Each structure stands twice: as C-alpha cells, then as structure tokens.
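Structure, as structure tokens:
The values are calculated or read from the model by the stated rules, or taken from the named source; none is laboratory data. No experiment lies behind these values; they were computed from the predicted model shown. As a convention, Cβ positions derive from the backbone with ideal geometry for all residues, glycine included, and neighbour counts pool all protein chains shown. Surface accessibility is based on the protein's heavy atoms, side chains included, excluding ligands, DNA and RNA. Shrake-Rupley method; radii C 1.70, N 1.55, O 1.52, S 1.80 Å.
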Amino acid sequence: ATVRGSFYPDLNEIHISDMLEGENKLSTFIHELGHATLHADSYKNASKSTAQIELEADMYALMIERRLGIEPTDARCRHLKAHYDEYLKQTKATDINADTELFNNVINRYREQIPLIDAYVDNLNVKETQTNTLNNAQDLPQEQQRTTPQKL
C-alpha cells in the first residue's frame, strides 16, 4: 500500500503525495480534511480503531465530494469498502449501536463544517468570476474597454 496523503495533527498540516494528480489528488485531500475535521484530538486518546477512523474520513469525504458535484474515485470507493468491512468485523460482535454513533458523529461534523466550506467555495467562485471578467475586458478592442472616469 502506498501513502497517498497524511494528516499531521501536531503540525495541523495535510500532506499529499506528489505522485497523485487531478481527481485522485483532490479526493485524497478531502479525505485528509476529514481526518483533520473529525480526528484532530482522536489521535491522542486512540479510542477508535484504525478502521473506524478511516471509515469516518471516507464518509466525510464522500459527503463533501457529493456536495461539490465530484464523482468519487475508484480508489476512494475501494478504501471505504475495505475499512467498512474491517469495521464491521470489529464492532458487530460487541456493539450493535456502533453504526448509529459513527454515522451521527460524521453527519454532525459535516453539518457544522459545510457552511464554512460553502462560504469558501462561494468566495473562490467570486474571485474566478472577477478574474474572468477582467481577462475578457482585456481581450476587447481598446475602444470597447471600460475606462474609469477621471476627475477633472
């Protein structure tokens, strides 16, 4: 297995492999953002299994990707399935209510964070629109470009 990305809670940093490109890089970043959002303190008390931690980050990532209109990668789906299968082996024998707690935890954090993410994306869209407008204006012939009125 290769390390596609990592969240370092002590540094509050996400690192993504230089080997990734495009949708795989974005998917990995969003997954690591899930770790940063859900597990920044969990790494210290280690009360959750690796399978649960990875599953929660995958669930969070899939919800964010869905919100942004991004199709999940095959790698993300395989990762989720592998950790979900392991999680089921670990919890079904001991705690039949574990799924409810896991889902509620992820959904509640998603609901807390999505307004911040939406605001960030909206801000990016505004900046992109402003940049496109400026670029389009620069492409117009000189006589059609808007000029700023000058005071006399």
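Listed by first and then second residue, the pairs with beta-carbon distance under 6 Å, at least 6 apart or on different chains, first residue in the stretch 7-29 and under 15 Å from ALA57 (Cα atoms) and surrounded by 10 or more Cβ atoms within 10 Å (Cβ to Cβ), second at pLDDT below 90 and hydroxyl-bearing (Ser, Thr, Tyr), are PRO9/TYR43. For the stretch 39-66, filtering for residues that are open to solvent by 20 Å² or more (accessible area, probe 1.4 Å) and closer than 23 Å to ASP118 by Cα leaves 5.
Tell me, please, whether a residue that is in contact with a Leu (Cβ under 8 Å, 6 or more places away or on another chain) and in a helix (DSSP H, G or I) can be found in the stretch 39-48.
Checked against the condition, which is being in contact with a Leu (Cβ under 8 Å, 6 or more places away or on another chain) and in a helix (DSSP H, G or I), the stretch 39-48 yields no hits at all.
Reported count of residues in the stretch 67-83, each being open to solvent by 50 Å² or more (accessible area, probe 1.4 Å), small (Gly, Ala, Ser) and at negative phi, is 1. Residue-level check: of (1) open to solvent by 60 Å² or more (accessible area, probe 1.4 Å); (2) closer than 20 Å to VAL121 by Cβ, LEU33 misses just (1).
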